[in-house]
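The values are calculated or read from the model by the stated rules, or taken from the named source; none is laboratory data. Given the structure is predicted, the values throughout are model-derived calculations rather than measurements. In this analysis, Cβ positions are derived from the backbone assuming ideal geometry, glycine residues included, and neighbour counts consider all displayed protein chains. We work out accessible area using only protein heavy atoms, side chains counted, and drop any ligands, DNA or RNA first. Shrake-Rupley method; radii C 1.70, N 1.55, O 1.52, S 1.80 Å.
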Amino acid sequence: MLVTYNLKAFAFAVTVIMTASLLRCVSVVGQLRVGFYAKTCPSAESIIRKVVQDSTADDPKIAAVLLRLQFHDCFVQGCDASILISTEHGEIEAGGNLGVGGFEIVEDAKTQLEGVCPGVVSCADIVALAARDAVLSVQGPFYEVPTGRRDGRISSVSLAENLPEVDDPIDILKSKFNNKGLSDTDLVLLSAGAHTIGLTACFFMQTRLYNFNSSGGSDPAINPELLPQLQAKCPLGGDVNVKIPLDWGSELTFDDQILRNIKNGFGVIASDARLYDDDNTRRIIDSYVGLASADFMADFAGAMVKMGNIDVKTGLEGEIRRDCRRVN
Ligand code: HEM
């Protein structure tokens, strides 16, 4: 009787230990970590950094392109490089993905990586690391990028319909970020932080300049000093492909000027201006205006890491694509 009882207790203890270690495995599998490729492909991060450094040295505008690419990757089915898959009716065809690029730089890095450690480094990690190195190339903050993402196998335009849009009201912008696990502070840090560099096509300015809220006029939030300048660069009926800076007067370096721009009505695209419409996002902007630029940069870096975690595929999920443009 005593023996049976002890055997049952022993079996129970073994089950508890096995379940606990299985759970521990699952939680490790479900997580990214800094240095994921340290043993399997030690040169991975330096190869990617060199490709980004060379591309941005050739054309500094590439930094913004690579940073935007990660946002558009992560917001549709998580950070799984699904945006790179070249297929009929793929994600890239979505209206919200208009102008997104940088694919050839990711492919360049991938080709080099396949040469040294085939089948190891995911396209999704290349996208995330390239964005980090791009930020660094424009004097933005350096941050460690946890890696171990795996690539998705699906890319469909219909899945990319809910991207944040330039003319979305602030409540919609907030909820689109909140739905991805990003707070109002992340919304401010990521969109203001990223738009401290880069350009927008006049295409995205049309409603704001000429038919704001179907009024037939411009957005009253635009500072009267800025309005004629924007209208001169993007005239009604003019070429909508002309590009203008997102961070008026400070588009080439990563800094916190954009916060003061937004506060003073010098935000260029509508979605940046909307950040000053709402009590909470306005308070967040004001709080960073009062802080050192280093604090804004450090918190932007934290928000980038958070964005890079959205719905990641790890462990046995997804695959490591051999060619970023095609599923295996
Ligand atoms: C609130 C949501 C956002 C909206 C509505 C938005 C919208 C836009 C639009 C309309 C452009 C101009 C695109 C073009 O003309 O090709 C743009 C550019 C850009 N966006 Fe955003 N964006 C948002 C958030 C973000 C985030 C979270 C990031 C990255 C973390 C980001 C990174 C960029 C960059 C770097 C550019 C400049 C691209 C270039 O110069 O090629 N954006 N964004």
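Can you find a residue that is in contact (Cβ under 8 Å) with a residue 24 or more places away in the chain, among the charged types (D, E, K, R) and assigned to a helix (DSSP H, G or I) anywhere in region 297-308? Checked against the condition, which is being in contact (Cβ under 8 Å) with a residue 24 or more places away in the chain, among the charged types (D, E, K, R) and assigned to a helix (DSSP H, G or I), region 297-308 yields at least one hit. The residue list E91, E104 contains one member that is free of Cβ contacts under 8 Å to residues at least 40 places away in the same chain and either open to solvent by 70 Å² or more (accessible area, probe 1.4 Å) or within 16 Å of the ligand (Cβ to nearest atom) (or both), which is E104.
Among the residues of region 228-238, those that are open to solvent by 70 Å² or more (accessible area, probe 1.4 Å) and out of contact with any helix residue (DSSP H, G or I) (no Cβ under 8 Å at 6 or more places or on another chain) comprise P228, Q229, A232, G237.
If you go through region 275-294 and pick out every residue that is open to solvent by less than 20 Å² (accessible area, probe 1.4 Å) and closer than 20 Å to D167 by Cβ, you end up with 3. Just one of the numbered conditions (1) of a type outside the set (S, T, Y); (2) in contact (Cβ under 8 Å) with a residue 24 or more places away in the chain; (3) touching a helix residue (DSSP H, G or I) at 6+ places or on another chain (Cβ under 7 Å) is not true of F266: (3). Figure legend. Inter-residue proximity from region 197-223: first residues not assigned by TED's automatic domain parsing to the domain that holds L69 and within 13 Å of the ligand (Cβ to nearest atom), second residues of a type in the set (K, R) and at pLDDT 95 or above, beta-carbon distance below 6 Å, spacing 6+ or different chains. Indicated pairs: L199/K243; A201/K243.
If you go through region 160-177 and pick out every residue that is part of a helix (DSSP H, G or I) and either within 11 Å of the ligand (Cβ to nearest atom) or surrounded by fewer than 20 Cβ atoms within 10 Å (Cβ to Cβ) (or both), you end up with 8.
Within the option set T253, T314, being modelled with pLDDT under 95, part of a loop (DSSP other than H, G, I, E, B) and either open to solvent by less than 60 Å² (accessible area, probe 1.4 Å) or in contact with a helix residue (DSSP H, G or I) (Cβ under 7 Å, 6 or more places away or on another chain) (or both) holds for one residue only, T253.
Residues in region 91-118 that are small (G, A, S), at pLDDT below 95 and outside any helix (DSSP H, G or I): A94, G99. Looking across region 133-158, the residues that are crowded, with 16+ Cβ neighbours inside 10 Å, outside any loop (DSSP other than H, G, I, E, B) and away from the ligand (no atom under 11 Å from the Cβ) come down to D133, L136, S137, T147, D151, V157. Taken as a whole, region 74-88 holds no residue that is open to solvent by 50 Å² or more (accessible area, probe 1.4 Å), small (G, A, S) and either within 16 Å of the ligand (Cβ to nearest atom) or part of a helix (DSSP H, G or I) (or both). Only residues that are more than 20 Å from G140 (Cβ to Cβ) and open to solvent by 30 Å² or more (accessible area, probe 1.4 Å) were counted across region 239-250, and they come to 5.
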